[in-house]
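Undergrad: The structure under discussion is supplied below as structure tokens; questions concerning it will follow.
The values are calculated or read from the model by the stated rules, or taken from the named source; none is laboratory data. These numbers come from a predicted model, not from an experiment. For neighbour counting, all protein chains shown are included, and Cβ atoms are generated from backbone atoms with ideal geometry for every residue, glycine included.
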Amino acid sequence: MQRINHGVRLLAVCIQQATADWYRHDFPLIGYLFKYLLAAFLALWVALKMEMDQPATALLTVVIVMHFRSGMVMTKSYYRLIGTVIGILFSMLLVAWFAQDRFPFFIAAALWIGLCTAGSLIYRNFQSYGFVLAGYTLCIVGLPATLTPWHTFQIASTRLSEIGVGLLSAMLVSELILPQRLWQNIQEVVRGKFRDFSLLLGAGAPAGLNQPFLKFMQDLYQLESFRASVQFETDDARVHSTTINQLNVRFMAVSTTYVVFQRLVQRLQAQSRSREAEALLALMRPLAETMLVDGRPANDSPALVRLQQAVTDFQLGFTALFSQQLQALASQPDVNRLELETGAALLQRLASELAAYLQTYVLLVTKPRAQKIDSREFSADKLQMHIDWLPVTIAATRGALTLLILAAIWMTIDWPSGILAMTLGVITSTLFAASPAPTATIRQFSVGVLLGIALVYVSNVFWLTAAHDYVMLCIVIAPAILLTAWLSARPTTALVGAGLGIAYFLMVGFNQALGDNPVKYFNDSIALMIALVVSGIMFSLTDYATSPWAKARVLAQLRQLVVDACRNTSMTSAEFEMRARDLIQRSGNVQRQDADSVRMVEALCATLEIGHAVIALRAVASDLSAQPRKLLQHTLELIAHYYKQPGQKNQQQALQWLDHFLGWLQGGEYDQALAAWQAQPLTTQLHFIRLVIAAETSASPHPVLKQEAAYVA
Amino acid sequence: MLHEWVPRELAFLDAHVPTLFLAFLLAAVAIWLLDKWLAAWNLYDLVWYPALLRVALFFGLFSVFGLMVY
């Protein structure tokens with residue numbers, strides 16, 4: 001009896017666990033499929049009830065905006081609406097201007113598509129979606145209107161209503177039924193980032209720096225993309241939007257300082273100055289030890305409070321610790337005191353930035369109930385963008401050319417489905433403009449489109465002819481919707497899902513008349529395939545992101561950023577940092593994990609290193625008297641010159657000048673002209689810059705690079 | 001009441017727009033402001049299902065505006 005009882009209890013526990021597991025992992029997906037269906041059916045019902053021309057447009061809208069997270073649906077819908085309205089207004093203008101002649105019409109349309117493609121590349125997240133939709137709307141409103149210009153207004157208003165119905169049903173369903181909130185994801189990313197950073201910091205001297213740094217960077221942009229969507233959430237996420245931004249900026253600062261410090265140590269080790277390196281690591285050790293409790297990062301609020309206290313203690317006791325280390329090293333021969341001071345200054349900065357980061361982190365994690373944070377104090381530090389106009393121009397030209405080629409095919413062979421081909425051509429060229437590997441993207445999307453074409457055949461020929469009422473219609477479209485939803489919910493097949501949904505609802509046969517028309521079906525399928533082929537060819541012809549030329553350009557731009565930091569007096573260190581990171585992020589080289597990405601992150605770290613030092617130097621210069629300030633100006637000019645035209649000669653020139661300057665500062669005539677509190681930071685900054693420039697030799701960019709490459713391999 | 005002198009359709013750039021649409025927009029803006037205020041004051045903590053409240057408030061307001069017209 002007892003054994004049976006035990007067995008039953010065990011079984012109950014097993015079932016409970018399995019159910020909990022299922023509820024956590026699979027249930028949200030099933031709920032999502034159900035929501036997707038419901039939103040589509042609702043949109044279909046309303047569109048049919050209101051006797052709209054093309055209920056399929058409402059369904060297509062649902063397919064486009066549905067997303068796993070409720071807040072994302074709201075954000076996507078918002079930008080979709082804006083994009084559609086702008087697209088419709090432009091279509092009406094275009095028809096009004098050029099309805100009588102097709103050549104100027106298509107040239108103007110191509111310019112518009114180019115503009116939209118450029119916009120979708122420049123903006124991040126769902127804002128870029130608005131541009132895609134503005135281009136797409138031209139195709140679904142402007143092009144049909146050219147055939148019957150006197151119906152333009154009617155076409156525009158019905159398309160707008162259909163899209164509105166689709167948006168409203170998607171928003172309503174995803175808000176009300178089993179809403180999936182972003183706050184959970186945000187908290188996970190924030191905690192994960194803290195955990196990773198604690199482990200890295202606690203490890204003391206890590207083996208590879210670039211990989212963790214890359215990971216941090218990706219987390220940063222992921223968090224930013226979540227944050228961009230919290231405006232439409234009901235829960236705490238929205239109230240914490242500013243805090244999340246602050247956390248991002250502070251984390252950026254502390255992670256950069258840490259990497260710069262470790263690079264300094266590695267450089268010292270590479271120059272076989274291990275005594276200084278050891279001393280610096282010993283200085284950092286107390287900080288590293290506080291980060292981990294029994295080898296694990298702090299995860300509850302008392303531990304976090306203790307950690308904050310420990311960091312403050314470290315800051316307070318640092319000077320004593322430092323002089324202790326100096327005394328211990330005083331007996332040793334040829335120890336460079338300046339290098340130690342440089343490292344110590346970095347450590348002090350690291351500690352203060354860590355304290356600031358911890359403060360925000362604690363606020364976000366342990367007090368989830370909204371604390372009002374003064375948003376004014378923080379409004380200046382938005383993530384900045386760095387726009388490279390060359391790829392933008394290429395993408396715009398590609399979008400415009402794709403439209404023109406398809407239009408030319410349409411006009412020359414007088415082909416009835418030309419509009420459909422142009423629609424899909426525009427969708428692909430705007431939607432995938434920012435993709436790091438566009439050819440692979442198009443290939444995946446094409447698989448979806450082919451699936452969609454096959455499915456349309458089955459539903460048009462066999463099922464739709466048997467559908468006599470609303471319920472039957474729902475049953476007919478249910479498989480396509482479920483397949484689209486399921487494919488697009490998984491990151492690996494999201495593009496296949498998008499292709500399937502778009503192709504199916506562009507072609508499904510219940511717009512004006514129910515049922516199948518084989519001629520139209522084949523024309524439409526050929527149209528979709530021609531569009532895919534044309535845009536695939538265009539993408540492979542103008543594949544800028546993967547060309548070696550693009551990489552060389554990114555490196556050159558990073559150097560130019562350093563030049564800007566030297567010359568542009570208004571650039572702050574946060575702005576510099578964000579622009580450098582955005583540049584690398586956009587270059588599309590960091591998504592892959594290979595030797596190239598290591599080189600990119602390496603270049604980014606080197607740029608951040610020198611850029612921050614230069615900006616700090618400029619900050620010191622601002623409260624100096626006229627003569628030393630002039631010398632500093634000269635220094636900055638030499639550094640800028642070297643970064644503009646890297647070469648042995650310019651490097652030597654900069655190094656010689658820095659040596660002179662340091663010599664003067666340390667015992668020459670300027671020792672009296674400057675107070676000790678002014679000379680000290682100046683000396684350490686100049687020495688740091690000297691170290692960085694001296695380490696840059698054209699033959700081997702950085703000694704650490706080999707080690708990093710080995711670590712990745 | 002209002003419906004005696006508000007027309008059912010308004011001419012917007014010579015296109016006839018139902019006044020209900022205007023009511024819809026007005027309700028949306030009102031809800032957006034109200035929602036900001038509710039979130040800022042943590043009043044959503046007192047609500048079991050904030051999204052439902054939002055939608056219900058929206059339909060309530062929209063109906064009020066709509067009934068003013070008709």
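Undergrad: Taking the range A:526-575, which residues are closer than 30 Å to A:Tyr504 by Cβ, surrounded by fewer than 18 Cβ atoms within 10 Å (Cβ to Cβ) and among the β-branched types (Val, Ile, Thr)?
TA: A:Ile526, A:Val533, A:Ile537, A:Thr542, listed by residue number.
Per-residue answers, yes or no, for (1) under 24 Å from A:Ser169 (Cβ atoms); (2) more than 14 Å from chain A (Cβ to nearest Cβ); (3) surrounded by 12 or more Cβ atoms within 10 Å (Cβ to Cβ):
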{"site": "B:Leu10", "(1), (2), (3)": "no, yes, yes"}
{"site": "B:Val17", "(1), (2), (3)": "yes, no, yes"}
{"site": "B:Leu22", "(1), (2), (3)": "yes, yes, yes"}
{"site": "B:Val29", "(1), (2), (3)": "yes, no, no"}
{"site": "B:Lys36", "(1), (2), (3)": "no, no, yes"}
{"site": "B:Tyr49", "(1), (2), (3)": "yes, no, yes"}
{"site": "B:Leu53", "(1), (2), (3)": "yes, no, yes"}
{"site": "B:Met68", "(1), (2), (3)": "no, yes, yes"}
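Undergrad: Could I ask something else about it? Of the residues that make up the range A:183-199, is at least one surrounded by fewer than 17 Cβ atoms within 10 Å (Cβ to Cβ), part of a helix (DSSP H, G or I), within 14 Å of chain B (Cβ to nearest Cβ) and of a type outside the set (A, V, I, L, M)?
TA: no
Undergrad: For the range B:38-47, give me each residue that is assigned to a helix (DSSP H, G or I) and at the interface with chain A (Cβ under 8 Å from one of its Cβ atoms).
TA: Result: B:Ala39, B:Ala40, B:Tyr44, B:Asp45.
Undergrad: Tell me the residue from A:Ala288, A:Ala298, A:Ala303, A:Ala328 that is over 19 Å from A:Leu199 (Cα atoms) and small (Gly, Ala, Ser), please.
TA: On the way: A:Ala288 fails: over 19 Å from A:Leu199 (Cα atoms); A:Ala298 fails: over 19 Å from A:Leu199 (Cα atoms); A:Ala303 fails: over 19 Å from A:Leu199 (Cα atoms).
Residue meeting the stated conditions: A:Ala328.
Undergrad: Is it the case, given these coordinates, that A:Leu307 is at negative phi, out of contact with any Leu (no Cβ under 9 Å at 6 or more places or on another chain) and either at pLDDT 80 or above or outside any loop (DSSP other than H, G, I, E, B) (or both)?
TA: no
Undergrad: Something else: Assess whether A:Ala18 counts as being among the small types (Gly, Ala, Ser) and modelled with pLDDT of 90 or more.
TA: Details: among the small types (Gly, Ala, Ser): yes; modelled with pLDDT of 90 or more: no.
The answer is no for A:Ala18.
Undergrad: Suppose we filter the range A:92-128 for residues that are surrounded by 15 or more Cβ atoms within 10 Å (Cβ to Cβ), within 22 Å of A:Thr158 (Cβ to Cβ) and among the small types (Gly, Ala, Ser); how many remain?
TA: 2
Undergrad: Counting just the residues of the range B:55-66 that are away from chain A (no Cβ under 14 Å) and not small (Gly, Ala, Ser), which one comes out farthest from B:Glu4 (Cα to Cα)?
TA: This residue is B:Leu61.
Undergrad: A follow-up question, please. Can you list residue pairs whose Cβ atoms sit under 6 Å apart, with the first residue in the range A:289-316 being within 17 Å of A:Val365 (Cα to Cα) and in contact (Cβ under 8 Å) with a residue 60 or more places away in the chain and the second being in a loop (DSSP other than H, G, I, E, B) and of a type outside the set (S, T, N, Q)? Count only pairs 6 or more apart in sequence or on different chains.
TA: A:Leu304/A:Ala298
Undergrad: While we're on this one: When you go through A:Arg69, A:Arg24, A:Arg3, A:Arg80 one by one, which is the residue that is crowded, with 17+ Cβ neighbours inside 10 Å, over 30 Å from A:Ile155 (Cβ atoms) and not small (Gly, Ala, Ser)?
TA: Working: A:Arg24 fails: crowded, with 17+ Cβ neighbours inside 10 Å; A:Arg3 fails: crowded, with 17+ Cβ neighbours inside 10 Å; A:Arg80 fails: over 30 Å from A:Ile155 (Cβ atoms).
Being crowded, with 17+ Cβ neighbours inside 10 Å, over 30 Å from A:Ile155 (Cβ atoms) and not small (Gly, Ala, Ser) holds for just one of A:Arg69, A:Arg24, A:Arg3, A:Arg80, which is A:Arg69.
Undergrad: Quick check on A:Trp415: is it on the phi < 0 side of the Ramachandran plot, in a loop (DSSP other than H, G, I, E, B) and modelled with pLDDT of 75 or more?
TA: yes
Undergrad: What is the number of the single condition among (1) assigned to a helix (DSSP H, G or I); (2) away from chain B (no Cβ under 14 Å) that A:Ile155 does not meet?
TA: Result: A:Ile155 fails condition (2) only.
Undergrad: Another question, if that's okay. In the set A:Gln271, A:Gln266, which member is over 20 Å from A:Phe576 (Cα atoms), at pLDDT 80 or above, surrounded by fewer than 23 Cβ atoms within 10 Å (Cβ to Cβ) and out of contact with any Lys or Arg (no Cβ under 6 Å at 6 or more places or on another chain)?
TA: A:Gln266
Undergrad: So, one more: Return yes when A:Thr75 is among the β-branched types (Val, Ile, Thr) and under 15 Å from A:Ile481 (Cα atoms) and no when it is not.
TA: No: the conditions fail for A:Thr75.
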